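Okay, structure first, notes after.
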Amino acid sequence: MYSHLEDFIYKLYTSIGVKDPTGLEMHKIAKKLGVEITYDENKIFRFENEISLKKCTKRQEWMDFAHELGHCLMHCGLQVSMHPLFVELQEWQANNFAYHFCVPTFMLDKLYNYTVYDVMQLFNVEYDFACKRLEMYKNKKQGEIIHGQAAIT
């Protein structure tokens, strides 16, 4: 059973023809979603349908892109005029979106006997990111097992 976010990401990817990790290419995805990627030496930000990234490793750019895309798809307004707690909420949501967007649940569900290093390679993410995402995934699966067993007894 998918969460609202997992279902949203599944539908988003399938709507643009992305079905497996080989389709997770930042520039192609941005083009299909009508998002322009630019580069700025000083900061990473999103304004309307433009995402500005710092030039760095492809893995970091992919993860930063996903975070900023989360803002594009889920948020409106400028954070400079928001209450700090609302900014904190938006940042948490964008981070959570990035984990699920970079390493989608529907793609993880198709893998068997994989390691953190496999996830790093397949999904082009850094070690700590892959560890956190796998922890999230495994916790969800354990919750489903516990919930399913509780419903049976």
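The values are calculated or read from the model by the stated rules, or taken from the named source; none is laboratory data. None of these values were measured; they are calculated from a predicted model. Virtual Cβ from ideal backbone geometry, glycine too; neighbours counted across all protein chains shown. Accessible surface areas use protein heavy atoms only, side chains included; no ligands, DNA or RNA. Shrake-Rupley method; radii C 1.70, N 1.55, O 1.52, S 1.80 Å.
Do we have I37 as in contact with a strand residue (DSSP E or B) (Cβ under 7 Å, 6 or more places away or on another chain) and either open to solvent by 80 Å² or more (accessible area, probe 1.4 Å) or of a type in the set (V, I, T) (or both) here? Quick ask: steps written out before the conclusion?
Details: in contact with a strand residue (DSSP E or B) (Cβ under 7 Å, 6 or more places away or on another chain): yes; either open to solvent by 80 Å² or more (accessible area, probe 1.4 Å) or of a type in the set (V, I, T) (or both): yes.
In short, yes.
Looking at Y99, Y117, which one is assigned to a helix (DSSP H, G or I), of a type in the set (S, T, Y) and open to solvent by 70 Å² or more (accessible area, probe 1.4 Å)?
Details: Y99 fails: open to solvent by 70 Å² or more (accessible area, probe 1.4 Å).
Going through Y99, Y117 in turn, the sole match is Y117.
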Report summary line: Here the residues within the range 120-153 that are surrounded by 15 or more Cβ atoms within 10 Å (Cβ to Cβ) and either among the small types (G, A, S) or at pLDDT below 95 (or both) are A130, K140
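Can you report the number of residues in the range 9-27 which are open to solvent by 40 Å² or more (accessible area, probe 1.4 Å), part of a helix (DSSP H, G or I) and in contact (Cβ under 8 Å) with a residue 12 or more places away in the chain?
Step one: filter the range 9-27 for residues open to solvent by 40 Å² or more (accessible area, probe 1.4 Å), giving 10-11, 14-15, 17, 19-20, 22, 25, 27.
With part of a helix (DSSP H, G or I) added as a condition, the list becomes 10-11, 14-15, 22, 27.
Next, only the ones that are in contact (Cβ under 8 Å) with a residue 12 or more places away in the chain stay: 10.
Total meeting the criteria: 1.
Test A94 against the stated conditions and say whether it is farther than 19 Å from E25 by Cβ and in contact (Cβ under 8 Å) with a residue 24 or more places away in the chain. Step through it out loud before you land on a result.
Working: farther than 19 Å from E25 by Cβ: yes; in contact (Cβ under 8 Å) with a residue 24 or more places away in the chain: yes.
For A94, the condition - farther than 19 Å from E25 by Cβ and in contact (Cβ under 8 Å) with a residue 24 or more places away in the chain - is met.
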Query raised in the report: L89: among the hydrophobic types (A, V, I, L, M, F, W, C) and either touching a strand residue (DSSP E or B) at 6+ places or on another chain (Cβ under 7 Å) or modelled with pLDDT of 95 or more (or both), yes or no?
Result: no
Query raised in the report: Any residue at all in the range 103-113 that is in a helix (DSSP H, G or I), buried (at least 17 other Cβ atoms within 10 Å of the Cβ) and modelled with pLDDT under 95?
Result: no
Query - Identity of the residue in the range 40-65, farther than 19 Å from L78 by Cα and of a type in the set (K, R), that ends up least open to solvent (accessible area, probe 1.4 Å) - result: R59
Query - Test: C76 is free of Cβ contacts under 8 Å to residues at least 40 places away in the same chain, under 22 Å from Y127 (Cβ atoms), hydrophobic (A, V, I, L, M, F, W, C) and in a loop (DSSP other than H, G, I, E, B) - result: no
Query - Residue among V80, V87 that is open to solvent by less than 50 Å² (accessible area, probe 1.4 Å) and among the β-branched types (V, I, T) - result: V87
Requested in this report: Enumerate the pairs (first residue in the range 28-50 and outside any loop (DSSP other than H, G, I, E, B); second residue anywhere and open to solvent by 80 Å² or more (accessible area, probe 1.4 Å) and of a type in the set (D, E)) with beta-carbon separation below 9 Å, excluding pairs fewer than 6 apart on the same chain, so at least 6 apart or on different chains.
Outcome: A30/E36; E50/E36
